[in-house]
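Below is one structure, written out as structure tokens; comments come after it.
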Amino acid sequence: MICLQKCWSAILAGAKITYYDIDYQTRKINFDSFRENYNPDKTAVVVLNNPGNPLGNIISQGEITEINQIIDGRSYIMNDEIYNNTLFYDDYKCPLTYLDDKYRDVNIVTNAFSKGFRMYTKRVGYALLPDSLVMPMRIVQQHTLLTHDPVNQYGAIAALQDLDAPKELTHIYKERAEYSYFTLKDTGCDPIKSEGGFYIVLDCDRWVKAKGMEDSKELAIDIARKVYVATVPGTDFGIPNGLRLSFCNDRYKEGIDRLRDYFTS
């Protein structure tokens, strides 16, 4: 799976991007793929999106520990925790709380208020950095983003007064995730069970091939025309025959019912 914002940033910086795979069915990191694509002499940063976008998969403590053991301090690891307060079944544990001290100097943690605290357009974020990176990041920030709008800053302060607020949102997203999974299961597409965040992926490989479609872009267009539901083609996320659905709409369940009608009609 890929995080588009980080890909764009890497492209703008002139970096070469390589990818490691996540198994759709187990929602676990494919370590053969990781070892094949990780080059300690050339890889500057390894990105871990946890929970993942778009699968909603949770990278376990064991997987993160194994990633750190493979890298062994030779590259930085960016832990993107943007969805960490919208987990459906477990409490989140930041890697900095359990990794050996020898790995702390290469681990970066990033987060923001835009997801769990619903400050979607404000992009107020923060990072936990090794001491050696504080000054370089400060210099970059000074020359790219002088300061946030004071309204956004006060909004973030207000959000921090109620750290339980994301729980209500998580309850809503969990209910919609489970409704999606059980409503669309065995309908012609294969929903992949989401464990957090606000997305779910439909693996439509069998459907696309059976209907002679080129990929999920053609499928998304057909769905929009026939049942008036907007979906995101998985072609943007390395899933050419998949669809990504977002839980963020009051009429979400109606959309799922329409998708069920589409896949079963």
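FYI, it's all coordinate maths here, none of it is from the lab. The structure presented is a predicted model; accordingly, all values stated were derived computationally and were not measured. Positions of Cβ are generated from backbone atoms using ideal geometry, with glycine treated the same way; all protein chains shown enter the neighbour counts.
Select from G238, S132, M119 the residue farthest towards the positive end of the dipole of the chain; place +1 on Cβ of Lys and Arg, -1 on Cβ of Asp and Glu, and compute about the Cα centre.
M119
About the Cα centre, and with charges only on the beta carbon of Lys, Arg (+1) and Asp, Glu (-1), how big is the dipole of segment 134-265? Nearest 20 debye, please.
Working: 17 positive and 20 negative charges, 41 e Å.
Roughly 200 debye, rounded to the nearest 20.
Toward the positive end of the charge dipole of the chain, about the Cα centre and with charges on Cβ (Lys, Arg +1; Asp, Glu -1), which of S216, T18, P166 goes farthest?
Towards the positive end, the residue furthest out is S216.
Just to be sure I understand: of the beta bridges DSSP finds with both ends in the chain, what percent are antiparallel, rounded to 5? Numbers along the way, then the final one.
Values: 16 of 25 bridges.
Around 65 percent of the beta bridges assigned by DSSP in the chain are antiparallel ones.
Given the C-alpha centroids of segment 141-187 and segment 191-265, what is the distance between them in whole angstrom?
23
Treating the angle as unsigned and between 0 and 90°, give the value, to the nearest 10°, between the Cα long axis of helix 165-184 and the longest Cα principal axis of the chain.
40
Could you compute the FRET efficiency for Y98 and R225, with r as their C-beta to C-beta distance and R0 at 41 Å, rounded to 0.05? All intermediate terms of the calculation are to be shown ahead of the outcome.
Values: r = 49 Å, r/R0 = 1.20.
My answer for the efficiency is 0.25.
State to the nearest 20 debye the size of the charge dipole of the chain about its Cα centre, where the only charges are +1 on K and R beta carbons and -1 on D and E beta carbons.
620
Given R₀ = 25 Å, FRET efficiency for I172-T65 by Cβ-Cβ distance, to 0.05? Write out the running numbers ahead of the final one.
Details: r = 32 Å, r/R0 = 1.29.
For R0 = 25 Å, the calculated efficiency reads 0.20.
For T183, project a label point 7 Å along Cα to C-beta. Then give me every residue of segment 219-244 with its amide nitrogen under 16 Å of that point.
224, 227-232, 244
Report, in degrees rounded to the nearest 10, the 0 to 90 angle that the Cα long axis of helix 131-144 makes with the longest principal axis of the chain.
70
Please give the length that would be gained between R123 and R138 if that part of the chain were fully extended, namely 0.36 nm times their separation in residues minus their C-alpha to C-alpha distance (nm, one decimal). Walk me through the intermediate numbers first.
Values: separation 15, 0.36 × 15 = 5.40 nm, distance 1.73 nm.
Once the chain is fully extended between R123 and R138, it gains 3.7 nm.
Mind checking which of S114, S132, S194 has the largest fluctuation in a GNM of the chain, springs on alpha carbons under 10 Å?
So, out of S114, S132, S194, the one fluctuating most is S132.
Give me the Å³ per residue figure for the convex hull around the C-alpha atoms of the chain.
On the way: hull volume 39.7 nm³, N = 265.
Measuring per residue, one finds 150 Å³ for the Cα hull of the chain.
Could you calculate the contour length gain from D105 to R74, that is, 0.36 nm times the residue separation minus the distance between their Cα atoms, to one decimal place in nm?
Numbers: separation 31, 0.36 × 31 = 11.16 nm, distance 1.05 nm.
Roughly 10.1 nm would be gained on extension.
Which whole-number percent is the relative contact order of segment 1-147 (Cα, under 8 Å, 6+ apart)?
Numbers: 167 pairs, mean separation 24.0, N = 147.
Relative contact order, segment 1-147: 16 percent.
Under unit Cβ charges (Lys, Arg +1; Asp, Glu -1), what dipole magnitude, rounded to 20 debye, does segment 4-72 have relative to its Cα centre?
Details: 6 positive and 8 negative charges, 55 e Å.
Using Cβ point charges on Lys, Arg, Asp and Glu, segment 4-72 gives about 260 debye.
Quickly work out the Q25-to-V45 label distance, labels modelled 7 Å from Cα along the C-beta direction, and quote it in nm with one decimal.
3.5
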